[in-house]
Structure formats: structure tokens, C-alpha cells
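Please treat every number below as a calculation from the coordinates, not as lab data. Quantities reported herein were computed from a predicted structural model and do not represent experimental measurements. Cβ: placed from backbone, ideal geometry, glycine included. Neighbour counts: every protein chain shown.
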Amino acid sequence: MEPVPIDAKKARKPFAFIYYDSEKSALTAIEASSTIKDSSFYQQVKAAEPIDSTKRKRSNASRQSQKDEYEHMVDVCSRTNLILQVQSTHVDRLKEYLSVFIPASYEKSSIAEVMKSIKVEGSMSAVTKNMSLVYVSVSDPFTLATELSQTRHQQVLSRAVKKLYIVEPESLQFDLSKKEGQQIAIAEILGKNMSQYEESSSTDESFKLHIFPPSKQKGLLSTIEEMDTDGIISKRLNPRDANNIISIVQVYQYKGKNSNVDSSALAMCGISASFTTAATKTQQNEEEEAISRAYYKLKESIERYEIENNFVKSELKGSIALDVGSAPGGWSKYLASDIECQLVHSVDPGTLTLSQNNIKHWKMKVQDAIPLIKNGIHNENDKIKVFVSDACLHSMEGQIDFLLEAQEEGILASEVFFVLTLKCTVGYGKNNFDEQAKKVVADLQKRAITKDVSTFHLFSNRSGERTIIGRLFDKNK
């Protein structure tokens, strides 16, 4: 029986494990130790507790999971040349937008081939709360970044996409929260394609930084001052009107226990020409902002529907429309101005904050408005061909009920284009909301004759909202 010395942690004194052939012998020895008067060579004797094997298994599984995640990110970064910083709640919607809507909407454009090359390589929760990073590979990242920064996309993406980063398709092992990591980042930037700026004395070249997470920008600026002794970057920094962008992004950082964080942090860097940023936001009061948000919600829904179906919005020009729950007026404005409807029946007990000759405000509930609208119908041309509703109702099925009630009352044309917002109020989670929307659509298709019904989770929708769009036909024709 020989004691086996074990090196303990620095804060502890050495200790030993002693093995006995039987549990009885071990207990006898422990009891006997309490009777020994001279115990200066030990402090305590007690039974050893066996290691919980399940904990060890969990620890091993955690380490393997970390390793797999790390290797996955290295692989993703090896193909990525554009990173999008996105609100975590909008990641799935953005992936669909990039993979489906963008390529289709540029089909006849001179940059169609670039848009067709878009591939979403992956996404991951970022080191900043409520933010995620979406990793994209594309044949020309500058062209895609420029297009996404244009007004037509910003109107849709402004809620979701916070910033774009053009990077080199490779990952580097450093942590931006540490000085050493910042030095590696700046050394990498100074070593990349900087010779043209070093040789040029032109003051036309300027730089701004796109850093993620933004909290590391101050430290990186300080590091640039220290390391850029020739002033290649430091003397040309212009955050407002630069013609070049330096992007440095912390793409991965494991902060679990028993991990060497330095070796588990990945970042990406890149230098690009400055792409056009979002249009300057104009000053709007609360009413104008509310109208604007609603306007682009309907605009996004119809544009998405055009891409996925054999439909063009010009088919609706000159038609009569009914907008249920219309206040403050964004949907009515889009129907009257963009679709160019002949007349929009705008129904809401609330106040409509816009006035156009082809918008008639019925300041009442839709149940009360339907009979009055019916009184004004004298022939088929007076009937409603566009039915839209963004109303807040107690149940999602209420949207279907109002649509079919209008049809039963005879105010709808034989073919009607409809857009309905379904507002899920029960439960939580994307899958749950998707299933609820499917049930409502199935109910509609059971009760009525429809065609080309699509369900969207728009950027303008809240997490529990879904927009359904399609065509409704008269059963009797």
C-alpha cells in the first residue's frame, strides 16, 4: 500500500490517494485515523468520492461540440467574402430574400450573373446580444453590397440588416477583445494590398472602419496609431466620406469553461472600395413614419408575390380596392398611388392622416361599411377587385371571415386579389406561427375557391405575423 502523490492546484497543499482491497478495510483505517494523536503530516482523512462519469461524458461532449463548431466556422469562412450583420429575429427571412428574391428580381439585369452566384454559406449568433452574422459567397461582393445599400432594398431591409462587411475568404485566429488580437488584425490589414496607398501621396484616398463588434473600434483606432508609423491609414481616416472601407469582424469566439479563448477566436478582414450607403433618413413625425412603415409592408408583399407567381401588379391598375383596418393610411396610399386604383374604400374607425381624390374613408368598422359600399355598386365594374387587410383582430380566422363575408354580400368581383396579415397571438416560436398560418390557409381553401396562395414572413412582419396573398374566385361563376 503506497500513497500516490498528486500535484494539486496552486491554492491547495499536496494530497494522496490510498487504495484498500476492501471497503471494510478502508472504513477501518478512516476510523483509526481519528485516534492518532500526532497527525502533523496530514489534516484530514476521508473516503474518496468516485467521479461522476456522466459529468465527464458531458464535458467531453461539450469539448467535441466546441471543436465541431470551430471547424465548421473555419470551413464557412474559407468561402465567405461578404458578411451581413443582422437582427437575430430576421436571419431566416434574410436567407430567403438573398437566395430567392434577389436572384429572381435581377433576372433581366446586367448584373444577373452576379446575383445568381449568391450562396448563403451559413449563419451564427454573434458576440453581440440579439445580433447574428450571415455569411455569403458571391462572385462580386462589391456589386452585391452596393445593390443591397440602394434605397429599393433599404426600404425593406432597414429593420433587419445593420451593416455589411466585405472580407477576404479566410479566417484568422485572434481575439479583438485583447491587445494582441488587435495588433494581429492591423498587421494583417497593413500587409494586404496597401502598397498602392503607400506609394501614392494622393490625398484622394481615404478610409473608414467597419468593425464588429463596434465596441472594439476604439481599441483598433488606437492600435492603428501605434502601428501605422507611415500614416498609410491613420492620416487618411475619414469616417463620413471615405472612398475605401476596412472591415474587421470577430466571427467566432468560444467562451465556455476549460477553453483557451485565444485559440478559439476567429476573425475576418478585408479592404474594399466604399459602396453606396443607405439613403439619408428624412425627418418624419410619428404619423408619417407609421404611414411609411405600412406603405412598404404592402409594397414588399406584392413585390415578393410577383417574383413567386405569374403576376404583375399592373393587372390591378384602375381597379376598385377595399382596405380593412386602414388607419393611418399606408396601405391605402400604396393602392391609390403605386397600384393606381380607380378608388380605394379605406375602412377604419380611426383617423386617416392622408387625403387623395381616389381614397374614400369610411370611419367605421368593416361590418358597418360593407352594406354602405354595397349600396354604391350598380354594375360589375363597381365591384371590388382588390381586398387587403392589416387589421388587428382577436383571431387570425377573422381575416378570412371578413373576406368571405364581403364575397357573400356580393361586393367582390368574380376574381379578387387579396393580401391579409395574419397576427398570431397564441404561443411562441417560428414553427408554431408557421403551423398556425398553414391552418388558416387550409381553412380558406376549404371554404372558398382560391388560386396561387402564398405565405410570407416579410421583413415588415413582426415575429408572430404572416402575410398571405392570393386570388379568390366566385363559386357561382
Cβ charges +1 (Lys, Arg) and -1 (Asp, Glu), total dipole of the chain, debye: 1060 debye
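Is the C-alpha gyration tensor of the range 66-273 telling us rounded, prolate or oblate? Criteria: a/c under 1.5 is rounded; beyond that, a/b larger than b/c is prolate, otherwise oblate.
On the way: a/c = 1.88, a/b = 1.15, b/c = 1.63.
Oblate, since a/c reaches 1.5 and b/c is not below a/b.
For the chain, what does the alpha-carbon gyration tensor say about shape, rounded, prolate or oblate, given a ≥ b ≥ c as the root eigenvalues, a/c under 1.5 as rounded, and a/b over b/c as prolate? Working shown, then result.
Values: a/c = 3.22, a/b = 1.66, b/c = 1.94.
Oblate, since a/c reaches 1.5 and b/c is not below a/b.
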Mean-position separation - Cα centroids, the range 66-142 and the range 294-320, in angstrom: 26 Å
Footprinting exposure proxy for HIS378, HIS210 (fewest neighbouring C-beta atoms within 10 Å first): HIS378, HIS210
Note, ³J(HN,Hα) from phi for the range 403-408, Karplus 6.51, -1.76, 1.60, rounded to Hz, x at Gly and Pro: 4, 6, 5, 4, 5, 5
The range 286-473 - charge dipole about Cα centre, Lys and Arg +1 at Cβ, Asp and Glu -1, debye rounded to 20: 240 debye
Net charge, THR421 excluded, C-beta distance under 9 Å - Lys, Arg +1, Asp, Glu -1: +1
Restraint check, LYS108/LYS430; LYS297/LYS423; LYS162/LYS423; LYS317/LYS383; LYS119/LYS423; LYS129/LYS297, Cα-Cα greater than 22 Å: LYS108/LYS430; LYS162/LYS423; LYS119/LYS423; LYS129/LYS297
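Work through the residues other than ASN238 whose Cβ is under 13 Å from its Cβ and net out their charges, Lys, Arg +1 and Asp, Glu -1. Write out the running numbers ahead of the final one.
Details: positive: LYS208, LYS235, ARG236, ARG240; negative: ASP204, GLU205, ASP241.
Result for the neighbourhood of ASN238: +1.
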Rough spin-label spacing in nm, given labels placed 7 Å along Cα→Cβ, for PHE473 and LYS208: 5.3 nm
Euclidean distance of C-alpha centroids, the range 396-414 and the range 429-464, integer Å: 17 Å
Gyration tensor verdict on the range 286-473 (Cα atoms; rounded if a/c is under 1.5, prolate if a/b is larger than b/c, oblate otherwise): rounded
Ranking of THR351, THR89 by count of other Cβ atoms within 10 Å, fewest first: THR351, THR89
Local electrostatic count at VAL156 - Lys and Arg +1, Asp and Glu -1, tallied over other residues with Cβ under 13 Å: +3
Dipole of the chain, positive end: most advanced residue of SER33, ILE468, SER314 [Cβ charges, Cα centre]: SER33
Longest DSSP-loop-exposure-free segment, chymotrypsin sites (Phe, Trp or Tyr not before Pro), the chain, at most 14 other Cβ within 10 Å: 43-427
